[in-house]
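The values are calculated or read from the model by the stated rules, or taken from the named source; none is laboratory data. Computed from a predicted model, the values in this text were never measured in an experiment. Please note: Cβ atoms are built from the backbone with ideal geometry, for glycine as well, and neighbour counts cover all protein chains shown.
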Amino acid sequence: VYLKSDGMLLLNSDGLNLTSGDYELKVSVGDLLGNTKQLTVPLRVVANFNLSSVSVVPNPASDRAIIRYRLGAAADEVIIRIYDSAGRRIKSINGDTFTGDNYVEWDLTSFRGKKVANGAYFVKVEAKSGSQKITADAKVAVLQ
């Protein structure tokens, strides 16, 4: 916690993994003469709803692919859509909705359950929270 020149307290939250919610920040200060003061401040954490770090491993994939993504706050719904190089959707997978790192496994099959052909595929991760919708993309090569 730092005291800024305008009298505002600045909390460095690096290393803290606080989820959205209400908290109490208890501050205790003292000087060299032994004078102390304690203060309790209400604190509301509002997580930033974002989607980042979308990747596919291994790449190229031969028997399965792990699609990874990071959510800044919990989502109501996450859908992963996979498209072939012609832009046709070949698979949709429901993803985990938790804050932090998430992943889903794609078995390299289409909606019909058949293995996809060798080639380039595009992965679109879409996360929804209330009226907010965010997307991020990745690519994967399939070589079976």
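Observations on the structure shown:
Okay, residues lined up against (1) among the aromatic types (Phe, Trp, Tyr); (2) modelled with pLDDT of 95 or more; (3) assigned to a strand (DSSP E or B); (4) loosely packed, with under 15 Cβ neighbours inside 10 Å:
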site	(1), (2), (3), (4)
Asp63	no, no, no, yes
Ile67	no, yes, yes, no
Ala73	no, no, no, no
Val78	no, yes, yes, no
Arg81	no, yes, yes, no
Ser92	no, yes, yes, yes
Asp96	no, no, no, yes
Asp101	no, no, yes, yes
Glu105	no, yes, yes, yes
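- Residue count for the range 112-132 under the criterion of being of a type in the set (S, T, N, Q) and touching a strand residue (DSSP E or B) at 6+ places or on another chain (Cβ under 7 Å): the result is 1.
- Output for the range 107-137, where each listed residue is in a loop (DSSP other than H, G, I, E, B) and among the polar types (S, T, N, Q): Ser110, Asn118, Ser131
- Filtered by the rule that a residue be modelled with pLDDT under 95 and assigned to a strand (DSSP E or B), the range 50-61 gives Leu51, Ser52, Ser53, Val54.
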